[in-house]
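Read through the structure below, which is laid out as structure tokens, and then see the notes.
The values are calculated or read from the model by the stated rules, or taken from the named source; none is laboratory data. If you're wondering where the values come from, they're calculated on a predicted model, not measured in any experiment. Cβ sites come from the backbone with ideal geometry, for glycine too, and all protein chains shown count toward neighbours. These area figures cover heavy atoms from the full protein model, side chains too; ligands, DNA and RNA do not enter into them. Shrake-Rupley method; radii C 1.70, N 1.55, O 1.52, S 1.80 Å.
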Amino acid sequence: MVVQTIKNLFSKPVTVKYPQEPSPPPPNYRGLIVYKEELCIFCTKCELVCPPGAIRFTYSEDGSKKFHYNPYLCIYCGECVRACPKEGCLTQVEETAPPATESTIPDWNGVEREAVESKKAWLAARQKRAKKS
């Protein structure tokens, strides 16, 4: 055991290739979710079926919606892709998510809070418009 320890001190580390060559994806890897806004009909079905809540929509006062996706929360189950009625809007590719850094991880708690508050405001405005009619 001591001999192996001394050998390891003078050998190259096994992870020497890491920064230059990312590790290959594991077998049966389902891949990263890719969203194409120009194809989206904003039905929010993907948000409803996402088990970990990695997809959120925020609503604007005018009723428009904005898609938010957290690849670091996603479990890559593909339920959002299956639920999407618009062909090609959500797809899975064999790419992996980029390494998580402080600048790439979204403030997901803030996004979720904004999504809930914007939906409440949008529903209240919708009800107000319905009462006027």
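Structure notes:
- Boolean, P52 is open to solvent by 80 Å² or more (accessible area, probe 1.4 Å) and either modelled with pLDDT of 85 or more or of a type outside the set (V, I, T) (or both): no
Matching residues to (1) within 16 Å of the chain's Cα centre (by Cα); (2) under 21 Å from G110 (Cβ atoms):
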| position | (1), (2) |
| --- | --- |
| T5 | no, no |
| P13 | no, no |
| E21 | no, no |
| N28 | no, no |
| L32 | yes, no |
| C46 | yes, yes |
| P52 | yes, yes |
| N70 | yes, yes |
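- Unique match (being touching a residue at least 60 places away in the same chain (Cβ under 8 Å) and not hydroxyl-bearing (S, T, Y)) among A130, A121: A121
- Sole exception among (1) assigned to a loop (DSSP other than H, G, I, E, B); (2) surrounded by 11 or more Cβ atoms within 10 Å (Cβ to Cβ) for E102, by number: (2)
- Just so you know, in region 45-73 the residues that are aromatic (F, W, Y) and touching a residue at least 40 places away in the same chain (Cβ under 8 Å) include one that is nearest to Q127 (Cα to Cα), and it is Y59.
- Any hit, region 10-29, residues being of a type outside the set (K, R), at pLDDT 80 or above and at negative phi: yes
- Checking region 85-104 against the condition returns no match, with no residue being over 11 Å from the mean Cα position of the chain (by Cα), free of Cβ contacts under 8 Å to residues at least 40 places away in the same chain and closer than 30 Å to K128 by Cβ.
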